[in-house]
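Nothing in this text is a laboratory measurement; each read-out follows from the coordinates by a stated rule. Note that this is a predicted model, so its numbers are computed, not measured. Positions of Cβ are generated from backbone atoms using ideal geometry, with glycine treated the same way; all protein chains shown enter the neighbour counts.
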Amino acid sequence: MKAEFDGLKGSDGEIRLFPESIDDIWHIKHLIRTGDLIFADTFRSLDSQTDKTRPEKTEKKPVRLGLRVEKTEFHPDTIRLRISGVIEQGPDTGFYHTINLEPGREVSVIKRWTQVERERIDRAVSVSTTGIVHIVAIEEGEAQIFRIRQYGPEYVMTISAGSGKREGVDARHAFFEEVYHSLSTVTGSIVIAGPGFVKEDFLAYLRRTNADMAGRMLTAETRRTGRGAVQEVIGQGMLERITQDLQLGKEVTLMEELLKRMAGNGPAAYGVDEVTTAVQYGAVSDVLVVDTKISEDAINRLLESADEMRATITVFSSEFEPGKQLDAIGGIAAILRFPIQ
């Protein structure tokens, strides 16, 4: 994503955002809150509200509107963010309209920006040139391919074949060949993960078949297969060897530490009330909050208080397993410097 801050004065004002991918659209979904004022180019039937007697369908024309946001909906399948609200500036002021934001289309957002939101923009901008990483969770006779988005793993496909142990070398070769062809359009780095020796055998096959692709691959030993293997890869810090975007690995590490402390009565807090008390005592080292909660005013006030107490704030993706675990315990938690009563 690209961003322009010319209209920003302190924490207030306009930031122009230029999304380039589905990851950027996802970031913008969590940057735009109910009540924000946004400006974007869209299409609208300019006389649809003023000429009700015309029977024919009116032509939609390009126009730039200022919209007071009431609702946003992220649609990853169509790579689109639907932003709905009341028109405040432009034709048909006072009427409702929906803007469909897609990669390649600019949106200007005018609001009071929080530190968490500014950090999210910085993160999106800093990783915009990084190639997309794929993880192949492979075992004997089955491989699952995942695309690593900034909001978490995105399932791509499953390739299944007869087990090489049961049906011989030819069946195994055919399986490897199918996995290879499924990865043929991938241009970024690839991690081959799973238990046992299948991943090394597949990498050896690729070195004979496509040395260039093999040169972009890393292997990772995991206990689990499928999506569980992907989470293990991220937790091992494998992505940090490939990209500067450390967010997903940080989410895994923090959640593991939180769960360990909760299981062993270590210094931790979860839920709004407990975290609020911990912040008031100055006991918070890290605040963990799921992205679906940061649009709530009470949560934002709590995060501002935590920031003033020099706590580190990490926003978890609700699309990734650690974020789902966090959501299940109230959507916000804290790792403490010392226990509180």
| message | Can you give me the distance in nm between label points at residue 95 and residue 122, each placed 7 Å from the Cα along the Cα-to-Cβ direction? | response | 4.3
| field | residue 240/residue 20 FRET efficiency (R0 25 Å; Cβ-Cβ; nearest 0.05) | value | 0.65
| remark: So the FRET efficiency between residue 281 and residue 34, C-beta based with R0 = 30 Å and rounded to 0.05, is 0.40
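Residue 272 to residue 337: FRET efficiency via 1/(1 + (r/R0)^6), r the Cβ-Cβ distance, R0 22 Å, to the nearest 0.05? Present the calculation step by step, with values, prior to reporting the outcome.
On the way: r = 20 Å, r/R0 = 0.89.
With a Förster radius of 22 Å, E is 0.65.
Work out, step by step, the length gained on full extension between residue 110 and residue 9: first 0.36 nm times the residue separation, then minus their alpha carbon distance; give nm to one decimal.
Answer, rounded to one decimal: 35.3 nm.
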| task | May I ask for the distance between the Cα centers of segment 293-314 and segment 226-292, given as a whole number of Å? | result | 15
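Calculate for the chain the 222 nm mean residue ellipticity that helices alone would give, adding -39,500 (n - 2.57) per DSSP H run of length 4 or more and normalising by residue count, nearest 500 deg cm²/dmol.
Calculated at 222 nm, the ellipticity per residue is -9500 deg cm²/dmol.
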| query | Which peptide among 251-257, 202-208, 74-80 comes first, and what is the full order, when sorted by highest mean count of other Cβ atoms within 10 Å? | reply | 251-257, 202-208, 74-80
| field | Protection-proxy order for peptides 147-156, 4-13, 190-199, each taking the mean of Cβ atoms within 10 Å per residue, highest first | value | 190-199, 147-156, 4-13
| task | Calculate the all-directions average of the projected area of segment 226-341's alpha-carbon convex hull, and give it in nm². | result | 7.4
| What nm value, rounded to one decimal, do you get for the distance between residue 207 and residue 64 when each label is placed 7 Å out toward the C-beta? | 5.7
| Cα gyration tensor shape for the chain, rounded if a/c is under 1.5, else prolate or oblate | oblate
| field | Chain lengthening between residue 305 and residue 80 when straightened (0.36 nm per residue, less Cα-Cα) | value | 77.6 nm
